[in-house]
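These notes are about the structure you will find just below.
The values are calculated or read from the model by the stated rules, or taken from the named source; none is laboratory data. Remember, predicted model here, so these are calculated numbers, not experimental data. With ideal geometry, Cβ positions are generated from the backbone for all residues, glycine too; neighbour counts draw on all protein chains shown.
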Amino acid sequence: MSLERKEEHDHKGWMEERDLTPVEGAYLTVLIWLDKRLRVVDYLEVLEDLYYKVNLQMPKSHTEQYNLDNKFWYWYPLYALGSFSTIAYVVAAISGALLGFYYAPATTGDPSSAFNTVAFIMTDLNFGYMLRSIHRWSAQVMTAAVFLHMLRVYFTGAYKEPRELNWILGIVLISLTMVFGYSGYLLPWNQLSFWAGQIGVEMSLSIPLIGEWVAQLLFGGFTLTQATLLRMYILHVFFLPFVVTALIAVHIGIVWMQGIAEPH
Amino acid sequence: MSDTDTTDADEPDRAETGGRAMTDGGEPDAETDGGEPVADGTGIVAPDDETPTWRERKERTQGLGRLTYEYFERARREDQDLRTESDYIERDVLAFPTWPHEMIRNLSLTSFFVGLIILLSATLPPEMAAPADPSTTPAIILPDWYLYWSFGLLKLGPLNPELAILGGEKLMADRTYGVLANLVVVGVIAIVPFLNKGSARRPVEQPFWAAVGVFGVIFAATISALSIKNLVPIDSHLLFDLTFLLPFVGGFITYAVLKTMREGYMFSLNRRYYRLRPPK
Ligand code: HEM
């Protein structure tokens with residue numbers, strides 16, 4: 001085999017002899033450029049193969065298979081609650097990222113910088129009060145939707161085999177959602193935050209055997225200090241976003257694989 | 001094609017259409033084996049028909065790996081059987097187009113829900129409490145509403161058993177008891193799928209489990225009310241009793257109603273179901 005280019009590898013000539021629109025031409029140029037460097041086409045082929053294997057071979061849905069009349073089951077609107085939780089989560093993430101530009105997790109000063117930055121957002125920042133309001137409400141709506149979603153899953157028996165794992169994953173998700181809410185509740189560092197934090201420390205301390213260790217880990221000590229606020233901040237804006245986003249993706253991925261449980 | 005100097009006239013075309021053409025290519029094996037070594041790089045990846053099958057992989061491995069492959073083989077056979085059996089029907093995707101129909105529907109639903117959130121935010125903005133002050137304990141200490149249930153479980157002190165063996169001492173502090181109650185509640189919810197099995201889906205098919213669910217929902221509400229008892233205009237002892245009474249009342253009513261509905265409902269459901277899947 002020589003290093004000379006073969007006729008059939010002359011992609012440029014091949015492109016010229018075809019009558020391509022500018023869009024097609026540009027697309028092919030980019031594709032070929034990338035493919036020469038990254039072997040994109042191989043991966044595309046794998047994806048395509050996967051797509052056909054996964055999508056074109058779906059079993060018939062339960063209603064189709066048994067020809068149960070396509071009556072609209074009156075519970076069906078409740079099946080939107082999972083998606084509604086996801087939407088509220090996305091809204092909270094966007095508004096939260098914007099709030100993050102102005103917030104500082106510091107207890108120094110009197111009142112604390114944390115409190116002052118939130119007050120600044122609410123009173124001085126253009127659109128800031130609305131932003132905080134949106135963040136707050138989307139969080140509340142998400143929690144409510146997740147709870148109702150769980151009730152929907154329970155009362156439609158959708159947690160039964162083969163969906164037990166997704167149910168347990170859901171329990172983890174609703175717990176993390178609440179931890180999300182709780183850590184956010186502490187961030188403004190006002191009286192409500194402070195005393196809710198106090199209860200949190202006491203609850204951790206009363207866990208048998210590992211109580212003190214948990215309090216140290218989550219609250220950075222047995223009293224509320226700068227360390228507490230910083231830990232809550234990192235939980236709220238760094239740790240939980242990654243974990244919860246990943247778990248939601250897995251949760252929905254499993255639903256995608258298994259399909260929605262239909263009533264009999 | 002791993003071999004470029006083939007004599008077959010339409011071979012180059014096939015090669016362009018990708019790997020799938022390889023398997024129906026005819027007799028190229030002999031050429032590859034006998035001919036000069038191929039140096040164009042295409043031979044590096046095993047062609048489709050040389051990829052080891054599960055059986056071959058199984059033969060080369062032992063121990064746990066071997067078990068894995070044996071299972072794979074079984075699972076594949078089972079899949080295949082299920083597929084050939086008539087009650088596992090496959091179909092090509094014949095559906096509602098994703099674009100634009102489905103997307104527009106999703107977008108409108110999404111904008112509706114986002115609009116709802118924005119409306120709430122605009123009409124009911126949150127308040128800001130006084131700055132944190134460790135030296136003054138406020139009269140009302142509250143988490144957000146969705147944690148009331150957990151907060152309420154901390155107030156179960158009166159239910160903490162006083163053990164006679166310990167001379168009337170409690171086994172654990174009320175606070176520990178409350179924290180454990182939280183764990184128990186979450187744990188019980190988590191194992192529901194392992195307690196209630198079977199294929200029933202509608203509440204009416206399983207009145208008992210529907211009743212358990214209603215019990216849970218009402219309990220979540222009453223225990224939340226208990227957690228803010230200083231804000232609820234009911235005598236606190238009465239509230240404590242109601243906290244545990246109402247869930248049972250709700251559960252019993254659900255059970256009675258569903259049990260009554262069940263007779264007629266199951267009749268038509270069974271008739272339809274068994275007509276389609278006659279019992280073996
Ligand atoms: C962050 C929270 C959650 C999100 C974003 C979420 C999202 C979703 C979505 C989009 C679906 C598709 C079906 C539907 O929308 O109803 C779903 C299904 C499901 N979810 Fe969740 N979910 C969450 C929490 C939970 C919780 C708390 C549970 C139960 C403990 C749960 C258990 C399930 C199960 C078992 C299914 C499958 C239901 C079926 O096949 O009909 N999820 N989830």
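Checking B:Trp209 against (1) within 9 Å of chain A (Cβ to nearest Cβ); (2) without any contact (Cβ under 8 Å) to a residue 24 or more places away in the chain; (3) within 14 Å of the ligand (Cβ to nearest atom), which test does it fail? Of (1) within 9 Å of chain A (Cβ to nearest Cβ); (2) without any contact (Cβ under 8 Å) to a residue 24 or more places away in the chain; (3) within 14 Å of the ligand (Cβ to nearest atom), only one is false for B:Trp209: (3). Inside segment A:164-181, residues that are facing chain B (nearest Cβ under 7 Å), surrounded by 20 or more Cβ atoms within 10 Å (Cβ to Cβ) and near the ligand (Cβ under 6 Å from one of its atoms) make up a count of 1.
Filter segment A:182-193 down to the residues that are hydrophobic (A, V, I, L, M, F, W, C) and at the interface with chain B (Cβ under 7 Å from one of its Cβ atoms) and list them by number. Residues satisfying the conditions are A:Trp189, A:Leu192.
Look at segment A:1-24: where a residue is over 18 Å from A:Lys36 (Cα atoms) and a partner is modelled with pLDDT under 75, sitting 6+ places away or on another chain with Cβ atoms under 7 Å, you get A:Met1/B:Ala39; A:Met1/B:Asp40. The set of residues in segment A:235-252 being surrounded by fewer than 17 Cβ atoms within 10 Å (Cβ to Cβ) and within 10 Å of the ligand (Cβ to nearest atom) consists of A:Thr245, A:Leu247, A:Ala249, A:Ile252.
Looking at segment B:170-280, the helices (runs of 4 or more DSSP H) lying wholly inside it that each contain 2 or more residues that are modelled with pLDDT under 85 and within 25 Å of A:Pro208 (Cα to Cα) sit at B:174-190. Every listed requirement among (1) at the interface with chain B (Cβ under 9 Å from one of its Cβ atoms); (2) more than 16 Å from the ligand (Cβ to nearest atom) is met by A:Thr156 save one, (2). A:Leu99 passes every criterion in (1) modelled with pLDDT of 95 or more; (2) within 30 Å of A:Val255 (Cβ to Cβ) apart from (2).
The residue that is nearest to the ligand (Cβ to nearest atom), among those in segment A:142-153 that are aliphatic (A, V, I, L, M) and in contact (Cβ under 8 Å) with a residue 60 or more places away in the chain, is A:Val146. Applying the set (1) part of a helix (DSSP H, G or I); (2) within 16 Å of the ligand (Cβ to nearest atom) to A:Glu161 leaves exactly one unmet item: (1).
Residues that are assigned to a helix (DSSP H, G or I) and closer than 21 Å to A:Tyr233 by Cβ occur in segment A:141-148; there is at least one. Please find, within segment A:73-120, the residue that is nearest to A:Leu230 (Cα to Cα) out of those that are within 16 Å of the ligand (Cβ to nearest atom) and in a loop (DSSP other than H, G, I, E, B). Among residues in segment A:73-120 that are within 16 Å of the ligand (Cβ to nearest atom) and in a loop (DSSP other than H, G, I, E, B), the one nearest to A:Leu230 (Cα to Cα) is A:Trp75. Would segment A:121-141 turn up any residue that is near the ligand (Cβ under 9 Å from one of its atoms), within 30 Å of A:Ala261 (Cβ to Cβ) and in the same structural domain as A:Ile87 (by TED's automatic domain parsing)? No, the conditions are met nowhere in segment A:121-141. Would a scan of segment A:190-205 turn up a residue that is buried (at least 22 other Cβ atoms within 10 Å of the Cβ) and either within 14 Å of A:Leu99 (Cβ to Cβ) or within 12 Å of the ligand (Cβ to nearest atom) (or both)? Checked segment A:190-205: no residue is buried (at least 22 other Cβ atoms within 10 Å of the Cβ) and either within 14 Å of A:Leu99 (Cβ to Cβ) or within 12 Å of the ligand (Cβ to nearest atom) (or both). Among the criteria (1) away from chain B (no Cβ under 13 Å); (2) crowded, with 16+ Cβ neighbours inside 10 Å; (3) within 15 Å of the ligand (Cβ to nearest atom), the one A:Trp256 does not fulfil is (2).
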